[in-house]
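Quick notes on the structure that follows.
The values are calculated or read from the model by the stated rules, or taken from the named source; none is laboratory data. Predicted model, so just to flag it, every value in this text is computed and none were measured. Positions of Cβ are backbone-derived with ideal geometry, glycine not excepted, and every protein chain shown enters the neighbour counts.
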Amino acid sequence: MQADILIPFILTLFAGLATGVGSAIAFFAHRTNRRFLSFSLGLSAGVMIYVSFVELLDQAQIVLSKPENFGTKMGIIISVLCFFGGMLLIGIIDRFVPSVENPHEVRSVESMNIAPPQNAKLMRMGMITALAIGIHNFPEGIATFVAAIENPTLGIAIAVAIAIHNIPEGIAISVPIYYATENKKKAFSLSFLSGLAEPVGAILAYLILMPFISPVVMGCVFSTVAGIMVFISFDELLPAAREYGEHHVSIFGLVSGMLIMAVSLILLS
């Protein structure tokens with residue numbers, strides 16, 4: 001693997017396998033630190049939202065609006081269409097995951113201590129949850145990989161934000177699978193493997209996009225990735241953050257994430 005591709009791939013792998021960390025927490029921690037998770041999820045949302053609007057969408061509009069590409073007005077129109085197209089893409093994916101089996105449903109470590117009932121429906125739910133989280137992780141892998149190729153520092157920030165988001169996701173996967181199987185090893189393995197959807201997304205992004213890469217393609221991809229991350233933040237991270245803890249804790253995390261990202265971009269510019 002080329003050196004300029006290796007770092008983005010490693011970052012994407014790191015973000016994806018954070019689901020395994022969440023799964024391990026579910027099995028070995030005695031209680032859920034809800035305030036910490038609430039703050040962390042808010043922080044992750046703050047990073048994603050700030051980066052999407054201030055960096056990714058801005059860079060996409062600058063590139064697409066150049067005279068040699070689409071010009072000012074058409075460049076902005078195309079970037080906006082790609083932005084909402086990213087939202088539509090992740091929204092469609094989310095639409096096909098039944099709410100009762102949605103992997104983003106908040107669950108806690110304490111629920112691991114409840115004796116799991118045995119029935120076929122729970123077995124099916126556990127397997128579908130693992131599959132569903134893999135589908136959700138796929139576009140996140142593309143987002144991390146593409147951002148890291150263009151700007152490794154930005155890629156690190158996004159990878160960390162997605163990794164934080166994947167930790168409670170790992171808890172959410174492990175609990176229903178454990179309920180279904182009474183097998184902690186199987187629940188951990190499926191949770192860990194579901195995170196591999198992110199590096200798979202990175203590989204496919206490399207194989208499909210790289211042969212056609214150009215400033216215009218990167219601009220469109222950046223806008224699409226921004227839309228995906230904004231949707232994830234408002235649809236998954238912030239609601240989960242409020243469920244795990246107090247409203248103000250998640251908002252403090254959100255503002256902190258934005259501030260950290262703002263300072264980082266200023267220092268690195």
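Which of the numbered conditions does Gly75 fail, given that it passes all the others? Conditions: (1) modelled with pLDDT of 90 or more; (2) of a type in the set (Gly, Ala, Ser); (3) in contact with a Phe, Trp or Tyr (Cβ under 8 Å, 6 or more places away or on another chain).
So the condition that Gly75 fails would be (3).
Any idea which residue in region 168-187 is modelled with the lowest pLDDT, counting only those that are surrounded by fewer than 22 Cβ atoms within 10 Å (Cβ to Cβ) and not acidic (Asp, Glu)?
Of everything passing the filter in region 168-187, Thr181 is modelled with the lowest pLDDT.
Quick one: how many residues across region 214-233 are farther than 17 Å from Ala163 by Cα and either at pLDDT below 80 or not aliphatic (A, V, I, L, M) (or both)?
Residues flagged as farther than 17 Å from Ala163 by Cα and either at pLDDT below 80 or not aliphatic (A, V, I, L, M) (or both) within region 214-233 amount to 8.
Take region 51-78 and flag every residue that is touching a Gly at 6+ places or on another chain (Cβ under 7 Å) and closer than 10 Å to Ala226 by Cα.
Ala60
Only one of (1) under 14 Å from the mean Cα position of the chain (by Cα); (2) of a type in the set (D, E, K, R); (3) closer than 20 Å to Leu37 by Cα is not met by Arg242, so which one is it?
(1)
Of the conditions (1) among the hydrophobic types (A, V, I, L, M, F, W, C); (2) surrounded by fewer than 22 Cβ atoms within 10 Å (Cβ to Cβ); (3) under 21 Å from Val47 (Cα atoms), Ala147 clears all except one; give me its number.
Exception for Ala147: condition (2).
Does any residue in region 203-216 that is within 23 Å of Gly71 (Cα to Cα) come within less than 6 Å, Cβ to Cβ, of a residue that is surrounded by 13 or more Cβ atoms within 10 Å (Cβ to Cβ) and aromatic (Phe, Trp, Tyr) six or more places away or on a different chain, and which pairs are these?
Within 6 Å, no pair qualifies.
Could you check region 35-55 and list, in sequence order, the residues that are out of contact with any Asp or Glu (no Cβ under 9 Å at 6 or more places or on another chain) and modelled with pLDDT under 85?
Phe36, Leu37, Phe39, Ser40, Gly42, Leu43, Ser44, Val47, Met48, Val51, Glu55
If you check Ser256, Ser191, which single one turns out to be among the polar types (S, T, N, Q), crowded, with 24+ Cβ neighbours inside 10 Å and within 27 Å of Gly46 (Cα to Cα)? Lay out the reasoning, then the answer.
On the way: Ser256 fails: crowded, with 24+ Cβ neighbours inside 10 Å.
One residue alone meets the criteria, Ser191.
Hey, among the residues in region 194-205 that are surrounded by 24 or more Cβ atoms within 10 Å (Cβ to Cβ) and either in contact with an Asp or Glu (Cβ under 9 Å, 6 or more places away or on another chain) or not in a helix (DSSP H, G or I) (or both), which one's modelled with the highest pLDDT?
Result: Glu198.
If you check Phe234, Phe222, Phe212, which single one turns out to be within 18 Å of the chain's Cα centre (by Cα) and either among the charged types (D, E, K, R) or surrounded by fewer than 16 Cβ atoms within 10 Å (Cβ to Cβ) (or both)?
Phe234
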